[in-house]
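To keep things clear, I will list the structure first and then write my remarks on it.
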Amino acid sequence: MDPRDVSDYTGYLIRRAQQAHVAAWQREVSAEVTSVQFGVLAVLARTPGASQQQLCVELDLDRSTIADIVARLERRELIARIRASTDRRRNVLELTDAGRVEVRALLPRVARVDDVLTATLSPDEQRDLRRLLGKVLAAAAGRTAPDAP
């Protein structure tokens, strides 16, 4: 049996695309804030007062990973843990003023990474790529992704 060319394997292409993303992120966005850390900041910008469990669900990350990211962002004073007003036993997370400034500064650079990675694709192809990747991720998680237009 002759092995196929490695570029015929979806997993290989996904891994190479991730490498390209990491390189573009470090070049265009930040060497200090990772894309996963930005994900946490972006979720908190959109949903202030989210819990670590909500971050786990929204970002599809495990509890220990979220705990580590939250601790790092808290040390950098980009987020703060605050006692929930409805349940004093529970902490929620919010962006600090510095965190809000950081998100505003990063947003155009994050958009630039998207532009860099998809520069050779038409707008329709970019939508198709996101839709197909969503389907791959949904299948990997054992669910069905809706077919977005």
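Laboratory data are not the source of any read-out in this text; all were calculated from the coordinates shown. This is a predicted model, so every value here is computed, not measured. Here the Cβ is made from the backbone with ideal geometry for all residues, glycine too, and neighbour counts use every protein chain on show.
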> Across the Cα atoms of the stretch 68-127, what radius of gyration and what greatest pairwise Cα-Cα distance (Dmax) are found, in Å?
Replying inline: 17.2, 51
>> Can you tally the net charge around PRO108? Count Lys and Arg as +1, Asp and Glu as -1, for every other residue whose Cβ sits under 13 Å from the Cβ of PRO108.
In response: -1
>> Can you compute the helix-only [θ] at 222 nm over the chain? Use -39500 (n - 2.57) per DSSP H run of at least 4 residues, normalise by all residues, nearest 500 deg cm²/dmol.
In response: -20000 deg cm²/dmol
> Around CYS56, with a cut-off of 9 angstrom between Cβ atoms, what is the net charge of the other residues, counting Lys and Arg +1 and Asp and Glu -1?
Replying inline: -2
> For the stretch 6-140, what D do you get in µm² per second when you plug the Kirkwood radius from alpha-carbon pairs into Stokes-Einstein at 37 °C and 0.692 mPa s?
Replying inline: 199 µm²/s
> Which residue, LEU107, LEU129, LEU93, has the most motion in a Gaussian network model of the chain that connects Cα atoms within less than 10 Å?
Replying inline: LEU129
> Pick from LEU121, LEU41, LEU55: which is most flexible by mean-square fluctuation in a GNM of the chain where alpha carbon atoms under 10 Å apart are linked?
Replying inline: LEU121
> Mean 1/r over all different Cα pairs, inverted: what Kirkwood radius does the stretch 1-60 give, in Å?
Replying inline: 14.0 Å
> Using unit Cβ charges (K, R positive; D, E negative) and no other charged atoms, how large, in debye to the nearest 20, is the dipole of the chain about its Cα centre?
Replying inline: 620 debye
>> Taking a virtual spin label 7 Å from the Cα of ARG104 along the C-beta vector, which residues in the stretch 9-45 bring their backbone nitrogen under 15 Å of it?
In response: 45
